[in-house]
Amino acid sequence: MARPEKIQEAVELFKEGKDAREVARKLGYADTKGLSKLMRRYGYRWDPEKQNYVPDERSQGKPGLAAAAILEERAGEILALLDWFEKSVGVKKTVPNIRTFTGPTVAKGYSLPAELAGRLERFCRARAYKEKDVVVTAISEFLDRHA
């Protein structure tokens, strides 16, 4: 069943007086949260008076605009939360200068502690760096400072 068809079916089932858990299960969701996300994504909000989903006037029925409206409404809270997170975790806002080296290479084999290897993998995956470039940059910077 396509998503717009699910939207219509959900509205119809609520009109028939079905319970939210019943509607969610009938549409293939494990709980009501999935149904709620779908409806918000397609520009609907829950109306407690009608006990049904109704088009959200802020989204004007266009997918994605409901989420944008919610983000706009709560932007201050989101920014405050990000500031708090950066301060508490000590996130630095600098972008590392990862260098790439050209020319001939020599193969070396080293073992890294598992925790360090995991951190390196996560760092590279999150920023789309090559592990080799990060390691070469780190060694180069170390040698520039201490050699």
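The values are calculated or read from the model by the stated rules, or taken from the named source; none is laboratory data. It should be emphasised that the depicted structure is a prediction, and the values quoted were computed from it without experimental measurement. In this analysis, Cβ positions are derived from the backbone assuming ideal geometry, glycine residues included, and neighbour counts consider all displayed protein chains.
Quick look at the values:
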{"read-out": "Pair list, Cβ under 9 Å, 6 or more apart: region 136-147 residue within 18 Å of residue 102 (Cα to Cα), other residue assigned to a helix (DSSP H, G or I) and modelled with pLDDT of 90 or more", "value": "none"}
{"read-out": "Odd one out for residue 62, checked against (1) assigned to a loop (DSSP other than H, G, I, E, B); (2) modelled with pLDDT of 75 or more", "value": "(2)"}
{"read-out": "Test for residue 53: is it assigned by TED's automatic domain parsing to the domain that holds residue 21, farther than 16 Å from residue 14 by Cα, crowded, with 16+ Cβ neighbours inside 10 Å and modelled with pLDDT of 70 or more", "value": "no"}
